[in-house]
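K.L.:
Quick one: structure below, then a few questions.
Please treat every number below as a calculation from the coordinates, not as lab data. Given the structure is predicted, the values throughout are model-derived calculations rather than measurements. Every residue, glycine among them, receives a Cβ derived from its backbone with ideal geometry; neighbour counts consider all protein chains shown.
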Amino acid sequence: MALVHHDPQDGILTTRIGQAEITVRPEPPAAAGSTAVILLRVDAPMLDTLAAAYLGPDEARSLAQSLVRAAEAVQPSSPWRAPRPHPQAHPR
């Protein structure tokens, strides 16, 4: 995955996987009194597809946490991971 643009100051991330491009960026409120949203856009020209989702701050945080958990499950960022809790056996 090639990182095309990342600016922590403006909160924009653009990356490419093959010909597909993924963009994540904050969007200002659409109208007075509404809240700002986070745009998640996936453009896959090979599949002739463009998808976009406008996420609220809580949805964006939840998605980010899910992505981090999935990434950690596939490739831990550190060899020193906390042990996973074992399911407790129920007495019979």
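K.L.:
Within the set of pairs 6 or more residues apart or between chains, which connect a residue that is of a type in the set (Asp, Glu) inside the stretch 19-32 to a residue that is part of a loop (DSSP other than H, G, I, E, B) and surrounded by 10 or more Cβ atoms within 10 Å (Cβ to Cβ) with Cβ atoms less than 9 Å apart?
P.N.:
Cβ pairs passing all conditions: Glu27/Ala36.
K.L.:
Could you tell me whether the stretch 13-31 includes any residue that is over 15 Å from the mean Cα position of the chain (by Cα) and surrounded by 14 or more Cβ atoms within 10 Å (Cβ to Cβ)?
P.N.:
Yes, that holds for at least one residue.
K.L.:
Among the residues in the stretch 46-53, are any farther than 22 Å from Asp10 by Cβ, out of contact with any Ser or Thr (no Cβ under 8 Å at 6 or more places or on another chain) and in a helix (DSSP H, G or I)?
P.N.:
Yes, the stretch 46-53 contains at least one residue that is farther than 22 Å from Asp10 by Cβ, out of contact with any Ser or Thr (no Cβ under 8 Å at 6 or more places or on another chain) and in a helix (DSSP H, G or I).
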